[in-house]
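Colleague: This is the structure, below, for whatever I ask next.
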Amino acid sequence: MTVMSSNDIKYRRIPRISHLPQKHDDYEPLELGFNGASFSGAVFNLSTTIVGAGIMALPSTVKQLGLIPGIIMILMGAALTETSIDMILRFGRASKTATYSGVVADSFGGFWRTLLQICIVINNLGMLIVYMIIIGDVLSGTWSDGVRHSGVMEEWFDQHWWTTRCPLLLFTTVFVFAPLISFKHVDSLRYTSALAVGLAIVFVAITAGVAVVKLTEGTIGMPRLMPEVVDQTSFWKLFTTVPIIVTAYICHHNVHPIENELKDHTHMKSIVRTSLTLCSSVYIATSFFGVLLFGDTTLDDVLANFDGDLGVPYSSLLDDVVRVSYGVHLMLVFPIVFFSLRLNLDELLFPFATPIAYDNRRFFLMTSALMGFIFLGANFVPNIWDAFQFTGATAAIAVGFIFPAAIALRDMHGIATKNDRRASWVLILLAVSSSTAAICSDIYSIFTSDTGIKS
């Protein structure tokens, strides 16, 4: 007979106590009239979690991989994400836990639960900083390869102190983010999430329309179908695209908060599949038409391409509509990612405390501290590509691939199938190999860059 230590017993109890606001609680209801989230609201919230800043890096990723391998990788990312989410949901029900970290604690104990929460915090902080960076790029402009790409506020009102990055981000934080991150139910964000998805589709529609017009005029050609490998550096750089694709699908941290508020929990699998189908369609369309429109000039952040003449009528107006619509989209994505960030950080720091939704003082202090950190980070992390490579190659891959696969392989409740085990090994091997290759490629690029500067 195996004897568990008191520490193991303690952490196996914790996951059964959820810090998530649920449809039924022993506490007073947070919102009068809340009877559970709907199917459509859950789809919009999960889709908004997925379609964030990653969509802006995908055209550049497909440019590097080539059109055919790029689209295949996007579809594979969706399929693997669905598999990993299904694992954590099934094992969550078997262990009767209401959080992702609770599922990990049930399988591996408190240390690994803490490690997962640290990964989620790092991943979400990285994403939110990148979101704010892109919003700053849209409003105040950015530099890329020595070229200045103007922001919409500079174009509309010329250069003033209040059209620079810091004042604009401060204004956005106070008057946009602060109200939206004050909600204590994730379902309260369903309308802003629906608008966010709509704005992402507007971006895709305009990009597709401009690309089709220029293609019929014969001013652009078909994009490269396969990757162009000319030397060792270009070969290894291909592997850095995998973490970016993985990062674009990370939504595991919000799966349980969304499921716990559903009227009918049996709909969650269909919600996940619907959301992933919608998001992968948007990703493929954005990548294809983005590369078709800009070709080899596609930038790491494709939004920066929309600040010049597109070669079609009303080009300037279309540029502004694209950049503003996606900037607003990210403002609406921000609070739903922030929701799980705050929740996991609170569980990490105060595992035995009253749920944060019922402690107004702790809720306010945690929210203020996190927003302050994100605001500072957004003003000191200049490159979206580097930020996505860092989070994608480390915390995001652990959250999205490694932990779900490890849970299925551990199989504490004897429910894993042979397909689960096969898929788990594929997830782990892909995660480890792509992360290692990406990190080595980054180190190699830095080394060769430094060598080039010295020579």
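Colleague: Between ILE72 and VAL230, what FRET efficiency comes out of the Förster formula 1/(1 + (r/R0)^6) with R0 = 22 Å and r the beta carbon distance, rounded to 0.05?
Modeller: Details: r = 22 Å, r/R0 = 1.00.
After rounding, the FRET efficiency stands at 0.50.
Colleague: Report the accessible area of GLU228, computed with a 1.4 Å probe over the heavy atoms of all protein chains in place, in Å² rounded to the nearest 10.
Modeller: Accessible area, nearest 10 Å²: 110 Å².
Colleague: Under the rule a/c < 1.5 gives rounded, and otherwise a/b versus b/c splits prolate from oblate, where does the stretch 167-221 land using the Cα gyration tensor?
Modeller: Oblate, since a/c reaches 1.5 and b/c is not below a/b.
Colleague: Once the piece of chain linking SER182 and ARG410 is laid out straight, how much longer is it, given 0.36 nm per residue of separation minus the C-alpha distance between them?
Modeller: Between SER182 and ARG410, full extension yields 78.3 nm more.
Colleague: Report the dimensions of the stretch 47-158 along its three principal axes from the alpha-carbon atoms, largest first, rounded to Å.
Modeller: Principal axes ranked by extent give 58, 34, 23 Å for the Cα atoms.
Colleague: If you don't mind, another one. What list of ³J(HN,Hα) couplings, whole Hz, do you get for the stretch 133-139 from phi and the Karplus terms 6.51, -1.76, 1.60, once you set θ to phi - 60° and write x for glycine and proline?
Modeller: Couplings: 4, 5, 4, x, 4, 5, 7 Hz.
Colleague: Mind checking the dipole of the stretch 92-171: about its Cα centre, +1 per Lys or Arg Cβ, -1 per Asp or Glu Cβ, Debye to the nearest 20? List each step's numbers first, then the result.
Modeller: Numbers: 5 positive and 6 negative charges, 121 e Å.
So the magnitude is around 580 debye.
Colleague: Starting from the Kirkwood radius over alpha-carbon pairs of the stretch 39-446, derive D by Stokes-Einstein at 25 °C in a medium of 0.890 mPa s and give it in µm² s⁻¹.
Modeller: On the way: Rh = 21.6 Å.
Reported coefficient: 113 µm²/s.
Colleague: Would you please give the residues with an amide H less than 5 Å from that of LEU262, counting only those at least 5 places away or on a separate chain, with H modeled from the backbone geometry?
Modeller: Close amide H contacts, sequence-distant or interchain: ALA37.
Colleague: Let me ask something additional. Ignoring ligands, DNA and RNA, please state the percent of accessible area on the stretch 259-321 from carbon and sulfur, probe 1.4 Å. Could the numbers behind the result be given before it?
Modeller: On the way: 1540 of 2570 Å².
Ligands and nucleic acids excluded, carbon and sulfur give 60 percent.
Colleague: With every protein chain present, what is the per residue accessible area of the stretch 112-270 (1.4 Å probe, Å²)?
Modeller: On the way: 6910 Å² over 159 residues.
Normalised by residue count, the accessible surface of the stretch 112-270 is 43 Å².
Colleague: Across the stretch 38-43, in residue order, what do the Karplus-derived ³J(HN,Hα) couplings come to in whole Hz, using 6.51 cos²θ - 1.76 cosθ + 1.60 with θ = phi - 60° and x for Gly and Pro?
Modeller: Listing the rounded values in order: 8, 4, 5, x, 5, 4 Hz.
Colleague: Let me ask something else. Sorted by accessible area (1.4 Å probe), largest first, how do MET331, MET222 line up? The partial results should precede the final answer.
Modeller: Working: MET331 25, MET222 120 Å².
Largest to smallest exposure gives the sequence MET222, MET331.
Colleague: Another question about this same structure. Enumerate the calculated ³J(HN,Hα) couplings along the stretch 155-162 in order (Karplus 6.51 cos²θ - 1.76 cosθ + 1.60, θ = phi - 60°), each rounded to whole Hz, writing x wherever the residue is Gly or Pro.
Modeller: Here the 3J(HN,Hα) series is 5, 7, 10, 6, 8, 9, 5, 7 Hz.
Colleague: Additional query: How much length, in nm to one decimal, is gained on full extension between PHE352 and ASP296, taken as 0.36 nm per residue of separation minus their Cα-Cα distance? Numbers along the way, then the final one.
Modeller: Numbers: separation 56, 0.36 × 56 = 20.16 nm, distance 5.32 nm.
Stretched out fully, the PHE352 to ASP296 stretch lengthens by 14.8 nm.
The values are calculated or read from the model by the stated rules, or taken from the named source; none is laboratory data. The structure presented is a predicted model; accordingly, all values stated were derived computationally and were not measured. With ideal geometry, Cβ positions are generated from the backbone for all residues, glycine too; neighbour counts draw on all protein chains shown. What goes into the accessible areas is simple: the full protein's heavy atoms, side chains included, and nothing from ligands, DNA or RNA. Shrake-Rupley method; radii C 1.70, N 1.55, O 1.52, S 1.80 Å.
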